[in-house]
Each structure stands twice: as structure tokens, then as C-alpha cells.
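*Asks:* Below is one structure. I have some questions about it.
The values are calculated or read from the model by the stated rules, or taken from the named source; none is laboratory data. Please read these numbers as outputs of a predicted model, since none were measured by experiment. Neighbour counts are summed over all protein chains in view; Cβ atoms, including those assigned to glycine, are modelled from backbone coordinates with ideal geometry.
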Amino acid sequence: MTDKKTKQKLEAIKTQALADFSKYVNPQKARVLKNAGLDIIEGKREGAAVWDITGEKYIDCITSAGSFNVGRRNPEIVETLKKALDEFDLGSFIVCSKQKADLAKKLAEITPGDLQYVTYGSGGGEANDFAIKLARGFTMKTEVISTIKAYHGHTGFSLAAIGRDEYKKPFYPMVPGFKHVPYNDLKAMTDAVTEDTAAIMIEPVQGEGGIYPATGDYLKGLRALCDTNDIVLIFDEIQTGFGRTGKMFCCEHTGVVPDILTVAKSLGGNLYPISATIYREELNDFVMKYPFTHLSTFGGSDLGCIVGLAAIDYLIKNKVPDHAAAMGERFQKSFDGLLKKYPDLLIEVRRMGLMMGLQFTNDSIGPRMSYQLAQNGVMAIYTGNDPSVMRLMPVLEIQPNEVDFVIEALYTSMSEVIKQGGIEKY
């Protein structure tokens, strides 16, 4: 139990940290988080939970959009990194290393189909940048088609692929050659294809777009469309990868194998940044001609590769994707009850595994639900593309009692929002 004096000291530290963040980092972000009840300074992190430095405990359902699949400060992976620091540093990005080779081999083994070669980066946007460069370079065509509300990162090529103008307006003109069509609409995609189409880029589940899973027929249709027209099919599994949807990779649900698969976020075990672009052997013809076409000083560092390999081994050894599928089903049973109890507030639940989106009646509800959930011990945030959607993405090893805690918090929070009014659809 924290004594009163210590509590006051921690409150003062928190207040100063929030003030400094506002003054030196991003004041508008600080305001938005405060309004959503998320003006938290993280202290202790463990499993599915995080504690504010003042002692309040929260179940983390934000997890940096799926970065913490193996849990907050997973002790096995923490120990792996500690041991690695006794011997290794980042390594030289220009030199071959056993660590880079070991992780690349493992990625080739666990990814579906005949994906084989790996190019490393340090973040998801960088992985998608290289995917686009590779598709354009290999095909010698320039056009890339992605989807409305897509999110692929904020770096150069990736920013152009985002399907939300709000992110791009301050930086026009964008890299040319990008089109956007409605998601899950095969006809719209087919109509958009031209002789100059190099790649189709898709998220198997739109995350920032509002948790919209692609249908099996849609993904199979995209595969056939690409095969017929010599187009590179890119799957962005940066949020969906490594067990999030109940399979190691989301595309395994349908058996559709892309030509390029991008991963990041949880590959780093929530301890070290690393991303990877994994692609079929034939695309390596371009890299053979231009072996230094994509360089990343910190991408695929020796430490990052060691951590990445440990994270994958942990997921496999502990059958974490299977657990995620089971906990997703546990959530779903309670979601059905919420839909029945609050039909005027909660319209729909979209879910694959532990990638879950609650669709509310209007844009005001997401921020209000974020605030109420925080008051009830759950960190959750609405999507950037659609504030009427609450996104729930807990760690994959969340336990049944923790699932039940989140569900209880949802019932309590939704009841409070109902009392406040303003739930009409507009």
C-alpha cells in the first residue's frame, strides 16, 4: 500500500511529466488523451496489465495497435535481451550476421506458402515502403492500388498508400501512381486495374479503418486478379501478424498466399523495434540487380533479430495463437449479450481472434467510451478513421478472468454512456 506522502510525490511526478509532454512533445495529443481519460503515465507493466505510476491498474486493450502480443515485459524475452546485451550490440547494417540469417530462416519457415527472402527495417512504414519499391522495381510498372481507409504507415511510399486524406493533405503532392478503392469490393479493384498496375496492397483486416476483416472470396479474388495480370499482391500484416487473429498470420484463415508479406510491431516482443518484408523467390531477381536498393541502419539489428526470434519461439512453444482464438470466442459470447442489451448504442461487433471493433451509433461514443472504460480499469481507444468504433486489442495471453474484467467494464461503461444520452445515430 502506497502511503499518502509517496502518493502525493508520484502525483506530482505525473503532473510534471504530462506538462513536459505537452510543452516539448505534442500538446494536442496530450489534450486528446486527457479528454479520452487516457492521461496516464505508464509505470509497472506485466502480462495483460499496466499500472499508472500513481498505482492505478489497467487492462491494456490498446497494446500499441497489436505490438504487445506476447504480453507486457514478457519475462522470457526480457531475459533473452539481457543476455544478448552481455555480448552483442546493434551490429553493422552493412555486414552479414548470423542473427539476421537465423531470424530470416525462421520467418521463411513459419510464413505461408513459398515466401522466402527477407529485407529488414525498424518499423512498419519502412517495411511497406520496401514492399512497394520491390513491386515497382520487379514489375517495371508504377501503379499501386490500395483501399479507402487503409493504413500502411506514415513514411514516403506508405503514406501515399494510406486511404485517408487527412494524413496526407499537409504533404501534397504525394508520390504519384497510387489509387484507392472501397475495401472488400472486388469489382472496384478489378475496374481500377490497368496495364501499369504494379501492386495491390491490402490489410487482411483493416485496423485503423475500423476493424473490417476481408472476406475469403475477396482475398481469393485478389489473388486470381493478380495472377492474371502479372500484379504483385502485398499483404500488410503489421497489425494482424503473429497470432493476433487466432492464426500465426491472418492470411492462413483463407489459404491465400501473397507475393509480399510485411510484418513489424509484435515481432519485436514489445522490447526492440524491428520489421520485415518477406517475399517470394522470383521477386529477388530485382534485389540481385540492386542489392543495396533499401538500406536501414537500425533495421534487422543483431539485438532486434535475437528478440524477434525469441518472440516467435515463445508464440509457437506456448501455442499463443490458439489461446488468442479461444479468448476471442470468450469475448464474443459476451458481445452477443451487449448487442442484445444495448441495441440503440452498439450496432455491430467485428472480430477476428483478439482483433475486435465495437461499432457505436455516432462519432461521439468512441471518445466517451474510452473515458468511461479508463474509469473502470481498461485502456482502450477509438479508431482514427472512425471515432464511432472502439478498438479492443489486448495482449494475446490475456486470461479468462481478465477477459471477464474487460466485459464487466464494457457493461458498466455503456450503461453510463446511455445515462448521459446523445446516442442517436447521425
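*Asks:* From the list Leu267, Leu345, which one is touching a strand residue (DSSP E or B) at 6+ places or on another chain (Cβ under 8 Å), of a type outside the set (D, E, K, R), free of Cβ contacts under 8 Å to residues at least 60 places away in the same chain and at negative phi?
*Replies:* Testing whether each residue is touching a strand residue (DSSP E or B) at 6+ places or on another chain (Cβ under 8 Å), of a type outside the set (D, E, K, R), free of Cβ contacts under 8 Å to residues at least 60 places away in the same chain and at negative phi leaves just Leu267.
*Asks:* Mind telling me which of the residues Ala188, Ala224, Ala199 ends up being in the same structural domain as Lys106 (by TED's automatic domain parsing), within 25 Å of Glu166 (Cα to Cα) and in a helix (DSSP H, G or I)?
*Replies:* Ala188
*Asks:* When you look at Leu315, is it of a type outside the set (Lys, Arg), under 19 Å from the mean Cα position of the chain (by Cα), surrounded by 15 or more Cβ atoms within 10 Å (Cβ to Cβ) and more than 17 Å from Met356 (Cβ to Cβ), yes or no?
*Replies:* yes
*Asks:* Can you tell me which of Ile231, Ile162 is modelled with pLDDT of 95 or more and hydrophobic (A, V, I, L, M, F, W, C)?
*Replies:* Ile231
*Asks:* Does the range 106-123 include one or more residues that are in contact with a Phe, Trp or Tyr (Cβ under 7 Å, 6 or more places away or on another chain) and acidic (Asp, Glu)?
*Replies:* no
*Asks:* If you don't mind, there's one more thing I want to ask. May I ask you to list the residues in the range 178-219 that are crowded, with 17+ Cβ neighbours inside 10 Å, of a type in the set (Gly, Ala, Ser) and in contact with a Pro (Cβ under 8 Å, 6 or more places away or on another chain)?
*Replies:* Ala214
*Asks:* Looking for something at pLDDT 95 or above, under 22 Å from the mean Cα position of the chain (by Cα) and aliphatic (A, V, I, L, M) - is there at least one such residue anywhere in the range 327-334?
*Replies:* Yes, the range 327-334 contains at least one residue that is at pLDDT 95 or above, under 22 Å from the mean Cα position of the chain (by Cα) and aliphatic (A, V, I, L, M).
*Asks:* Within the range 120-131, can one find any residue that is crowded, with 23+ Cβ neighbours inside 10 Å and of a type in the set (Asp, Glu)?
*Replies:* There is at least one residue in the range 120-131 that is crowded, with 23+ Cβ neighbours inside 10 Å and of a type in the set (Asp, Glu).
*Asks:* Something else about it: Filter the range 188-224 down to the residues that are among the polar types (S, T, N, Q) and in contact with a strand residue (DSSP E or B) (Cβ under 7 Å, 6 or more places away or on another chain), then identify the one that is farthest from Pro176 (Cα to Cα).
*Replies:* Among them, the one singled out is Gln206.
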